[in-house]
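**Student:** I'd like to ask you about the structure that follows.
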Amino acid sequence: MKKTVAWVISSLTTITGIITPSFALNTSIGETGIYANRLHQQPLNLTGKKIAIGQVEIGRPGVFGFDKIAAWSPTFNLAGVYYQNRAVKSNGNLDNHAAMVATVMVSQDKKLPGVAPDARLYASAIGAIKGGGQPQECLASQHIAQQNSGDVRAINFSFGESLTQDGRMDAKLDGNAHLTQCIDWSSRVHDTLYVIAGNQGRGGIPIPTDHYNGITTAYSTKQGQIYSKVDFANLSALPVGIGRSLIKREINVGPRRAINLVAPGSKVAVYDLAGTVQKVSGTSFAAPHITASVALLQEFGDRQLRTQQPNWSVDSRRHQVNKAVLLNSADKIEDSGNGLLLGMMRTIFSKSHYNWFNSDAYSNPEIPVDIQMGVGHLNALRAYQQFSAGQWKPENPVPALGWDYETVTNNNHKDYVIDQPLQENSYVAITLVWDRLVELKDKNNNKQYDLGESFEDRGLNNLDLYLMPTNSTNSTESVCRSVSKVDNTEHIFCPVLATGNYKIRVQYKQQVNEASQPYGLAWWTVSGNSAQP
């Protein structure tokens, strides 16, 4: 019998989900989910070892030997647990939801492994804060980002704040809530990728889903045996028809869309605090699939650095690179086996059952992501393939598959000339990401956030993305483009209509803050000799 559970600690600071007793083992990290199991296996052996990730929630997971809980031994080891930005007391702020989220990321149980079982997880509990606690949530986020000597590659948010608890007059999802500005500031200053659970159900927890610099997730449910459909409970749709007033309150104001990526979140098997396997549903359990996938990629990246591999640098640790790689490698339309659809492993459907080819993001170059599906469904194996292709600079021809971290200046562009002709009827996926600039109003000049301080939104520079014939000089001659006026993600997914030589152009179109703009770029194309017969 299903039981709806809502963890409500600070009035409307909530975490929601569904729990059902489970006797099945986890499939969400495997062949029906994100294919992380293949990265765990020989010869890759990627388990997140020595990579630090974080978790910020209302409560926290338990620590064996520290928390005296009868008849429970956690299936994971934690690198550190805290209350906001200080030490936590034994048995203090323990939370069932936080324990289950941690299971998805770092469970070491052989029957129910996490996505990155050997990652170093640091967790902070916000605790019960009457009237909302965005300043304390910001403080905890900063504290987690500073752990592991300031080297935490991704931070998971499986909770949110209500707009009714926001202190602004007529508060909206415009990116300017205190917590939203905080994590966009932290992502840049601490160079960590924030992964935020999207809104769902009856809403009420939309902050900070309107952030810019991280990833916001929707959750998928199984269709047949595969996680391949956005679940109906996700609150991300155009505000039309039944439920439009609720949806309108719970999505970003204006044309900018919140959802970046879909991950498994329906009936995911996890351990609760009592050590019982449960099936849980919600974006809370989709987000940690993405967060922990970063640990798998980063273990590989650090291995490349240690062995001094060519076409590799410390840029591989940048949050912009992680974001671009995860988004660009997402599944959209299943490949038939000839490689022309980039080897994608599933077709993802919206909750209203349209696919990417039917989305406005496919047909409108000013809309980079679908409002329900983002850019598609997380696939950790394809993300590894994208990442392992290496870093390639615009000064020389680049291969069909790769990524880069670079800087472009106002009214200039960077061209990436693909070294082989692209095959007719193949598809191209290209993703460009950059940061909104949020700065700390640092009253005491200690270069870190303190309670009572605030942030300044300095806005978003406008970059555009093009696929052009190599011999073209004007972007008007592009064959595909992504030219959003409001997003800090540009995404191209389009067919190559004629075999030929092409280049990718990153164009700095309009300056709003600084004249120099760093960005992350990932591309996946099919050259004439790389498609399957």
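The values are calculated or read from the model by the stated rules, or taken from the named source; none is laboratory data. Values in this document were obtained by computation on a predicted structure and should not be read as measured data. Virtual Cβ from ideal backbone geometry, glycine too; neighbours counted across all protein chains shown. The area values use the complete protein model at the heavy-atom level, side chains included, leaving out ligands, DNA and RNA. Shrake-Rupley method; radii C 1.70, N 1.55, O 1.52, S 1.80 Å.
**Student:** Alpha carbons only, please: Rg and Dmax for the range 363-444, in angstrom.
**Tutor:** 16.7, 59
**Student:** Here's a follow-up. If each DSSP helix of 4+ residues adds -39,500 (n - 2.57) and the sum is divided by the residues in the chain, what number results at 222 nm, nearest 500 deg cm²/dmol?
**Tutor:** Result for the chain: -5500 deg cm²/dmol, rounded to the nearest 500.
**Student:** Taking a spot 7 Å from the Cα of Lys509 along the direction of its beta carbon, which residues of the range 250-272 have an amide N less than 19 Å from it?
**Tutor:** Inside the label zone: 254-258.
**Student:** If I stretch the segment between Asn425 and Lys111 completely, what's the gain in nm (0.36 nm per residue apart, minus their alpha carbon distance), one decimal?
**Tutor:** 108.8 nm
**Student:** Percent of accessible area on the chain owned by carbon and sulfur, 1.4 Å probe?
**Tutor:** On the chain, the fraction of accessible area on carbon and sulfur atoms equals 50 percent.
**Student:** Related question: Run through the DSSP bridge list for the range 318-474 and note the antiparallel percent, rounded to the nearest 5.
**Tutor:** Within the range 318-474, antiparallel bridges account for around 75 percent of the total.
**Student:** Stokes-Einstein D for the range 244-363 at 25 °C, 0.890 mPa s, Kirkwood Rh over Cα pairs, in µm²/s?
**Tutor:** 139
**Student:** Over the Cα atoms of the range 270-312, each weighted equally, I'd like the Debye log10 I(q)/I(0) at q = 0.21, 0.32, 0.33 Å⁻¹, rounded to two decimals.
**Tutor:** -0.75, -1.01, -1.03
**Student:** Calculate the FRET efficiency for Asn45 and Lys393 from the Cβ-Cβ distance with a Förster distance of 35 Å, rounded to the nearest 0.05.
**Tutor:** So, using R0 = 35 Å, E works out to roughly 0.75.
**Student:** Jot down the radius of gyration and Dmax of the chain, Cα atoms only, both in angstrom.
**Tutor:** When restricted to the Cα atoms of the chain, Rg and Dmax are 21.7, 70 Å.
**Student:** Write down the accessible area per residue of the chain in Å², having rolled a 1.4 Å probe over the full set of protein chains.
**Tutor:** Per residue, the chain has an accessible area of 37 Å².
**Student:** May I pose another question? In terms of Cα to Cα distance under 29 Å, which lysines are near enough to Lys351, apart from those fewer than 8 places away along the same chain?
**Tutor:** Lys2, Lys3, Lys172, Lys222, Lys229, Lys248, Lys267, Lys279, Lys323, Lys332, Lys485
**Student:** Considering only DSSP beta bridges where both residues belong to the chain, give the percentage that are antiparallel (nearest 5).
**Tutor:** Bridges in the chain that DSSP calls antiparallel: roughly 70 percent.
**Student:** Please compute the length gained on full extension between Lys68 and Asn444, using 0.36 nm multiplied by the number of residues separating them and subtracting their Cα-Cα distance.
**Tutor:** Contour length minus the Cα-Cα distance gives 131.3 nm.
**Student:** How do 302-314, 467-479, 30-42 rank on mean C-beta neighbours within 10 Å, highest first?
**Tutor:** The peptides rank, most packed first, as 30-42, 467-479, 302-314.
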